Amino acid sequence: MTNLAIDWAIDMKASQPEILKQAIDEAETIVVGIGAGMSAATGFTYAGPRFEEAFPDFIEKYHYYDMLQAFLSDFEDWEEYWAFQSRFALLNYFDQPVGQAYLDLKSILRDKTYHVITTNADNAFYAANYDMNKVFRIQGEYGLWQCSQFCHQQTYQDEAFVRQMVAEQENMKVPSELVPHCPKCGAPLEVNKRDAERGMVEDADWHAQNKRYQDFLNAHEADKILYLEIGVGMTTPQFIRHPFQKWTANNPQALYVTMNQKPYRISADAKSQAIRITEDIAETLATVKQMKEG
């Protein structure tokens, strides 16, 4: 699929891990886009036993089919909302263990000039001890709170309070006095995660992350650059998938590599500079790490 005239000496007959390693080795600069498929590949799934064991009562009442559907749904009241969200925050943020695929990717990128943008709001990059100045969490974080009325652009965090909600909830509700409220207007607080209709609170830290990302892109836009997309679906293609393909098409030295088992469409403009990696994400990254070390 790749047009090798763009000066990427990649052996397309090699194994997929070897192809990925060649692309990473050759790149002057790497922009990495991480979606939910990356966390799922390392075990942080939103469906199946992990979901069923944590939320049997919510599944019984609402017949949810996965954790993301539940997270985005409407609840009976704020007491029920925080009963779910507090459990969700412990599982997917405060108590989330380190993921091996994230460690392997960090090792692979260790000697490269890179920046990461992720639509994931979990704790995976913190847990794997990334340089967080190189990570843009564009969709918010499960461990942060915002005013549900968007009255001001500031976020809050209180891990101890979340643990208290989990410990003291009964019958799918936290005590009313444990529902957190905005210190400015008094409205209930909610999780800092982008809503398709309302957006989200973008605080000073979010804007600082965005600036670092934009500055990186501007400084390296003409480089021999690898846009490496890992586990990105079509829920919010405007943040990673569409820009990566557009920037690839605009730079004859760029290469777009998508790691995904689903055959999502690649734009006609970027297709000649694109490679698909369809094998398991975690296994592929582990193999590339071994190759680079060995």
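Some notes on this structure:
- Entry note, the chain: relative contact order of 26 percent, from Cα contacts under 8 Å with a spacing of 6+ residues.
- Residues of the chain: accessible area per residue with a 1.4 Å probe, Å²: 45 Å²
- 0 to 90° range, to nearest 10: angle between helix 204-220 axis and the chain longest Cα axis: 10 degrees
- Counting only alpha carbon atoms, the long axis of helix 241-250 and the longest principal axis of the chain meet at about 30°.
- Fraction of beta bridges assigned by DSSP in the chain that are antiparallel (%, nearest 5): 25 percent
- The length gained on full extension between T278 and Y65, counted as 0.36 nm times the residue separation minus their Cα-Cα distance, comes to 74.1 nm.
- Per-residue [θ]222 nm for the chain (sum of -39500 (n - 2.57) over DSSP H runs n ≥ 4, rounded to 500): -11000 deg cm²/dmol
- Surrounding net charge for Q164, when Lys and Arg each add one and Asp and Glu each subtract one, Cβ distance under 12 Å: -3
- Cβ-Cβ FRET estimate between E28 and F161, R0 fixed at 45 Å, reported to 0.05: 0.50
- Net lengthening on full extension, D195/E221 (0.36 nm per residue, minus Cα-Cα): 6.4 nm
- Share of carbon and sulfur in the accessible heavy-atom surface of the chain [1.4 Å probe, %]: 48 percent
- Computed on region 5-102, with alpha-carbon pairs under 8 angstrom and 6+ residues apart, the relative contact order is 23 percent.
- Packing here is the average count of other Cβ atoms within 10 Å per residue, and on that basis the peptides 15-28, 152-165, 225-238, highest first, run 225-238, 15-28, 152-165.
- When its C-alpha radius of gyration is set against 2.2 N^0.38 Å (N residues), region 87-227 gives a value of 1.21.
- Once the C-beta distance of H152 and K271 is scaled by a Förster radius of 35 Å, the resulting FRET efficiency is 0.20 to the nearest 0.05.
- Cβ-based net charge around R137, under 10 Å, with every Lys or Arg adding one and every Asp or Glu removing one: -3
- Neighbour net charge for D7 - beta-carbon separation under 15 angstrom, K R +1, D E -1: -4
- The label point for H207 and the one for K246, both projected 7 Å from the Cα toward the Cβ, are 2.3 nm apart.
- Potential extension, D77-A14 segment - 0.36 nm per residue separation minus Cα distance: 17.2 nm
- Based on C-alpha pairs under 8 angstrom that are at least 6 apart in sequence, region 158-239 has a relative contact order of 10 percent.
- Once the C-beta distance of N171 and T236 is scaled by a Förster radius of 25 Å, the resulting FRET efficiency is 0.15 to the nearest 0.05.
The values are calculated or read from the model by the stated rules, or taken from the named source; none is laboratory data. Model, not experiment: these values are computed from the prediction. Note that we place each Cβ from the backbone using ideal geometry, even for glycine, and neighbour counts take in every protein chain shown. Quick note on the areas: whole protein, heavy atoms, side chains included, nothing else; ligands and nucleic acids left out. Shrake-Rupley method; radii C 1.70, N 1.55, O 1.52, S 1.80 Å.
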